[in-house]
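First comes the structure, then the notes that go with it.
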Number of protein chains: 2
Amino acid sequence: MKYFDCKNVELTGGYWKNKEEINRKITMEAVWNRFVETGRIKAFVFDYKEDEGFKIHHFWDSDVAKWMEAASYFIGKGFDEFSERMEYLIDGLIKNQMKDGYFNSFYQYPGKIGGRFTDRNMHELYCAGHLMEAACAYFEATGKDRFLKAMERYADLIEKVFIKEESAAFATPGHEEIELALVKMYKTTGKEKYLDMAKFFVNKRGCSEKDINEKWGMVGYIGGGGMKHLSCYAQNHLPVREQTTAEGHAVRAMYLYSAMADLACICGDDELGSACEKIFDNIVSKRMYITGGIGSGKLGEAFTVDYDLPNETSYAETCAAIGLSFFANRMTALKNEAFYADVAERALYNGMMAGLGIAGDDFFYTNPLEINLLHHGKDVSVRETEWLPITQRKKIFDCSCCPPNLNRVLASLGGMIYGYEGDTLYVNQFTESKGEEGGIRVCQKTSYPNDGHIEIESNAKVLYVRIPSWCDSFKANIPYEKRCGYAVFEGGNAIIDIKLTPRIVKANPKVRENFGKAALTFGPLVYCLEGVDNGDVFARRLVRNGEFNVIYNEEFKLNVIETWGIGANESEELYTSKDNEEEKVPLIFIPYSCFANRGESDMKVWIDLA
Amino acid sequence: MKYFDCKNVELTGGYWKNKEEINRKITMEAVWNRFVETGRIKAFVFDYKEDEGFKIHHFWDSDVAKWMEAASYFIGKGFDEFSERMEYLIDGLIKNQMKDGYFNSFYQYPGKIGGRFTDRNMHELYCAGHLMEAACAYFEATGKDRFLKAMERYADLIEKVFIKEESAAFATPGHEEIELALVKMYKTTGKEKYLDMAKFFVNKRGCSEKDINEKWGMVGYIGGGGMKHLSCYAQNHLPVREQTTAEGHAVRAMYLYSAMADLACICGDDELGSACEKIFDNIVSKRMYITGGIGSGKLGEAFTVDYDLPNETSYAETCAAIGLSFFANRMTALKNEAFYADVAERALYNGMMAGLGIAGDDFFYTNPLEINLLHHGKDVSVRETEWLPITQRKKIFDCSCCPPNLNRVLASLGGMIYGYEGDTLYVNQFTESKGEEGGIRVCQKTSYPNDGHIEIESNAKVLYVRIPSWCDSFKANIPYEKRCGYAVFEGGNAIIDIKLTPRIVKANPKVRENFGKAALTFGPLVYCLEGVDNGDVFARRLVRNGEFNVIYNEEFKLNVIETWGIGANESEELYTSKDNEEEKVPLIFIPYSCFANRGESDMKVWIDLA
């Protein structure tokens, strides 16, 4: 299938429409303002001096580029408030772009240049890739081509240096991104050259002596060793077709796998597709948090080993959950299987949305599944020998990749809902929306994920509607067949009722942290207990057959779930063989994505099961 | 009460007798040999050159002194094999002692001297204290006084510099030890001066501007901050009489509190005694592992906050458990309450004995309550950002305080059993032994802790026998009254049956790590599950009303406990709402002190409770 482009889908109501609006009105402005304050915007237009405060960084261009991509999507939807800023940034870029096409505000900063394309860990091609994505989005939104043309000149330079001359000091970049960006360049311009370049960078990974044998600049950063092989960090340990497990830095991995899936789909490359399938399976069956968070290790922000999913020290970067949704959507398109879209849904509602505060102006980079405030003592640093994620969202980070990534995903979420192939429509996600592409029109009415009633009207000949894998009861007003995880209807219309109920979910016993524990879910949402509602969440147990009240919460725009659990009575003794009297206590579960919005609090996703 | 001196008690059989013999035959020789190999012995007799390998360290004298103290106890029992080495060491010490009485192999090493008594963290008075303890023990064992006289000269110098002239750069040492050593010097020599010196150092702590305001040399070592106040590290945060909680470096704390309890007892100082009671209560009701391990934090090897008792990252230094037994015995003597001896028993059988391998020649410094080998991956360092205790005992450590501490405790354990006051005999610990002191003779027959049958014969007029606080059934052949945790018998004889059964113990719900979990105990012994016996111990649950088989194990000289628990079936899915079928699996619990004797293995004390 091919997904509807986001510009062809309008969110008309519900959870994601609300997030899109908050993004436009609050998050986009918040990120812009922080980027102004920290020098990123001035640096982008070469109007920046280091002595003004912040120190220019080699990934700043990518931060601005992601905001530009998001702004382009909004401009495409007819919102005008970002147009002037876009033109200002593009003016700056074009004015400062070098004659040979090179653009990088860090390497062109006085005193920094000289080493261009000599250090694969310096994010040059990563920045270039994000600028290409932004340029494609801006062209698609406006038809104006000067940004795209500038990026084509840059792409030509990259082709010359990396492919024709092989004069760069490395063959593949340390942080993937250029690969999937070049696929977008191909799709936007129709020029095969960019597809070939994408293939080059993907195929070269894990194969080039230049990259594999280099002395890693990142060694100090990632702790001086410890990864199985340092080359895993940037997925350089094997040729991509031989990779079967998700390894290394989780965001880098997702961007690479996304490009691999793109190429498998466009080129019909079954070997690449098969590698993608194996890697995807490794993620979802052994290395993914229930929230869709991935990359459980602080060391290298990386995948560790199967079933190693610590809750308190989870890294689970917001960008990695976003990356997983990218990979999952591409796999859905490649395989036409609903299972992949399930994973995208899980990552979007939980792992990604936890990264954005309810008010829309603060962010998590890491997303813990458990907060034990005892370990964050204010007067006593109990755990100075361990790394712990922060407990409250911040307005910006030194490495602020996640906030503008949220900008662009929330501005383009319409592009993750519908797919089509000829006269067949695929409904992969449920949210109130309208779409039209390739002659297919669709209108979806629902208040999902708070309610499972979904009405779909379309002019398609055949309608595929995803049956969520967690779903026990999927009913429709007309008959359907099941195929590849979809309910398949003749004709384009269906009224569907997915039974949404609180579900107690257990982890595989090999996940040592979660043995004897359970998580509460409702539809695609993972829930958590916060101390602010529940007192000592570390002394609470969930009961298997409790009664649950599901109540819509206006602040969260999602349901909360009230139930009863087991608490522990106060006790003086440190150790006792007495049968601790345990008492029934009310439990209030909130959606995981909504934690840490009401002050600092203990928090737990995985609860002891009585 | 006053404890029988260890030289007046003979262990005649059972667990501790076996450990005493292993200590004499294996552990004493192993420690000596490692001290020879690492240069400690040569350094002690000033026959050492840095270029021969190891680098002389400022606490080496204390290592040797503790071995000397242990050797003295054995010499006192008539074992001759250590006599020659003792005389060799004493020769060296006397030959090299400075004219003014100073002795320190580190500060007298060419190039090191010049800074004597200028840095309170350099363990000079700690080394001096251990030498004094050794000198007292050697004099008591042999009647030879040249070592004791040498130490008296050193004590005189310390009095001059610290008390009369106040010319030292600090008022109290960074690592306590001199305080309780001076009490021993007083007891051995009868000279009040040493008692006054002990009082001086105890009373000055927390009161001297010299100590409180200094810039700590340890800042770098303990992580650059984080302790509530750095002064907590060496219990310098408050005058000792105002201290109510156990703070800072756990071994330092125990040695201070032991001296405080000594002084409270000898001088009838109720204020000091009351502070000791409060601190002791804080330890046992909020800051002690079930094993009697204390000092849960790697940072500063220290107490952290109430109820912070992490299992996997427990520090719980062997020396700290030993120190707790010292403090507990002194509190028993001060208060005549059995409760304190319970704590000594817990620390000795579990926290301390875990520090020594079954073979007697390898050691733990830190003692984890949980080992998750996944986190110690050989190919993958999953947890490079965290500190974890080692999983296998070592022959020696750079900081090798624990091995010779085991030497001296296991050589003098007879001194922890009986107490008396006039015609009244107190039996504080149960182990096969004979004793005679102050006109009281006692003989105890038992195979405790493997069996609860205890026969006591003595010529005392009144017999106090500790009723262990964990004990549900304490029966005797003759009537008794209960008083202060003791069974009080008229006359000196009693036959007692303590019912020893496997007991499921829960922790206070405020210990967040252990909620929903239980530990299995049997008498004073804490048990654990090891992977070598049980497979994946992280996927095992204990059932509340299981059947238990108690089986004597010849290798451990202790009982092991077999039962059935709940295991988890293999599962493919990472997350599922299916009711995981759980199966009955055999569980083999071994005494905690015996873990890590059969190769590297997962290990758990606190088990999920079904």
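The values are calculated or read from the model by the stated rules, or taken from the named source; none is laboratory data. A quick note: this is a predicted structure, and the numbers were derived from the prediction, not measured. Every residue, glycine among them, receives a Cβ derived from its backbone with ideal geometry; neighbour counts consider all protein chains shown. Note: areas computed on protein heavy atoms with side chains; ligands, DNA, RNA excluded. Shrake-Rupley method; radii C 1.70, N 1.55, O 1.52, S 1.80 Å.
Summary of computed values
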item: In region A:298-335, the residues that are hydrophobic (A, V, I, L, M, F, W, C), more than 14 Å from every other protein chain (Cβ to nearest Cβ) and open to solvent by 10 Å² or more (accessible area, probe 1.4 Å); result: A:Phe326, A:Ala333, A:Leu334
item: Qualifying residue in region B:325-342 (condition: closer than 20 Å to B:Trp606 by Cβ and in a helix (DSSP H, G or I)); result: no
item: Qualifying position, being surrounded by fewer than 22 Cβ atoms within 10 Å (Cβ to Cβ), away from chain B (no Cβ under 12 Å) and among the polar types (S, T, N, Q), among A:Asn534, A:Asn553; result: A:Asn553
item: Selection within region A:586-610 - among the aliphatic types (A, V, I, L, M) and either assigned to a strand (DSSP E or B) or within 14 Å of chain B (Cβ to nearest Cβ) (or both); result: A:Leu587, A:Ile588, A:Ile590, A:Met603, A:Val605, A:Ile607, A:Leu609, A:Ala610
item: Qualifying position, being surrounded by fewer than 24 Cβ atoms within 10 Å (Cβ to Cβ) and over 13 Å from A:Ala128 (Cα atoms), among A:Glu152, A:Glu159, A:Glu166; result: A:Glu166
item: Selection count where residues are away from every other protein chain (no Cβ under 12 Å) and either at pLDDT below 95 or open to solvent by less than 10 Å² (accessible area, probe 1.4 Å) (or both), scope region A:268-293; result: 7
item: Failed criterion for B:Glu455 (all others in (1) modelled with pLDDT under 95; (2) open to solvent by 50 Å² or more (accessible area, probe 1.4 Å); (3) not hydroxyl-bearing (Ser, Thr, Tyr) hold); result: (1)
item: Long-range neighbours under 7 Å by Cβ, at least six apart or interchain, first residue within 11 Å of chain A (Cβ to nearest Cβ) and within 19 Å of A:Lys286 (Cα to Cα) within region B:556-585, second open to solvent by 50 Å² or more (accessible area, probe 1.4 Å) and charged (D, E, K, R); result: B:Ala568/B:Glu582; B:Asn569/B:Glu581; B:Asn569/B:Glu582; B:Asn569/B:Glu583; B:Leu574/A:Lys286
item: Breaking point among (1) open to solvent by less than 10 Å² (accessible area, probe 1.4 Å); (2) of a type in the set (A, V, I, L, M, F, W, C); (3) touching a Gly at 6+ places or on another chain (Cβ under 8 Å), for A:Ala610; result: (1)
item: Filter result for the condition that a residue is within 30 Å of A:Lys434 (Cα to Cα) and either without any contact (Cβ under 8 Å) to a residue 60 or more places away in the chain or part of a loop (DSSP other than H, G, I, E, B) (or both), over A:Ala70, A:Ala135; result: A:Ala135
item: Strands (runs of 3 or more DSSP E) contained entirely in region A:411-524, each with at least 2 residues that are among the polar types (S, T, N, Q); result: A:440-446
item: Selection within region B:189-205 - open to solvent by 10 Å² or more (accessible area, probe 1.4 Å) and either more than 24 Å from B:Gly143 (Cβ to Cβ) or in contact with a Phe, Trp or Tyr (Cβ under 9 Å, 6 or more places away or on another chain) (or both); result: B:Thr189, B:Glu192, B:Lys193, B:Asp196, B:Lys199, B:Phe200, B:Asn203, B:Lys204
item: Selection status of B:Phe54, under 19 Å from the mean Cα position of the chain (by Cα), surrounded by fewer than 23 Cβ atoms within 10 Å (Cβ to Cβ) and within 28 Å of B:His175 (Cβ to Cβ); result: no
item: Enumeration of residues in region A:405-428 that are surrounded by fewer than 24 Cβ atoms within 10 Å (Cβ to Cβ) and touching a Gly at 6+ places or on another chain (Cβ under 6 Å); result: A:Tyr420
item: Residue, nearest to A:Asp608 (Cα to Cα), within region A:556-582, restricted to residues that are among the hydrophobic types (A, V, I, L, M, F, W, C) and open to solvent by less than 80 Å² (accessible area, probe 1.4 Å); result: A:Ile566
item: Region B:369-394: number of residues that are at pLDDT below 85, buried (at least 17 other Cβ atoms within 10 Å of the Cβ) and touching a Lys or Arg at 6+ places or on another chain (Cβ under 7 Å); result: 3
item: Within region B:112-132, considering residues that are closer than 16 Å to B:Asn96 by Cα and modelled with pLDDT under 95, the one surrounded by the most Cβ atoms within 10 Å (Cβ to Cβ); result: B:Arg116
item: Some residue of region B:585-597 being surrounded by fewer than 18 Cβ atoms within 10 Å (Cβ to Cβ), of a type in the set (A, V, I, L, M, F, W, C) and farther than 30 Å from B:Lys17 by Cα; result: yes
item: Count of region B:279-302 residues which are over 24 Å from B:His375 (Cα atoms) and assigned to a loop (DSSP other than H, G, I, E, B); result: 1
item: Top-ranked residue in region B:477-497 [being crowded, with 18+ Cβ neighbours inside 10 Å and of a type in the set (Gly, Ala, Ser); ranked as nearest to the chain's Cα centre (by Cα)]; result: B:Gly485
item: In region A:35-61, the residues that are under 27 Å from A:Arg252 (Cβ atoms), touching a Phe, Trp or Tyr at 6+ places or on another chain (Cβ under 6 Å) and assigned to a helix (DSSP H, G or I); result: A:Arg40, A:Ile41, A:Ala43
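Residue-by-condition table, conditions (1) among the charged types (D, E, K, R); (2) within 9 Å of another protein chain (Cβ to nearest Cβ):
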| site | (1), (2) |
| --- | --- |
| A:Gly491 | no, no |
| A:Asp497 | yes, no |
| A:Pro502 | no, no |
| A:Gly516 | no, yes |
| A:Ala519 | no, yes |
| A:Phe522 | no, no |
| A:Tyr527 | no, no |
| A:Arg540 | yes, yes |
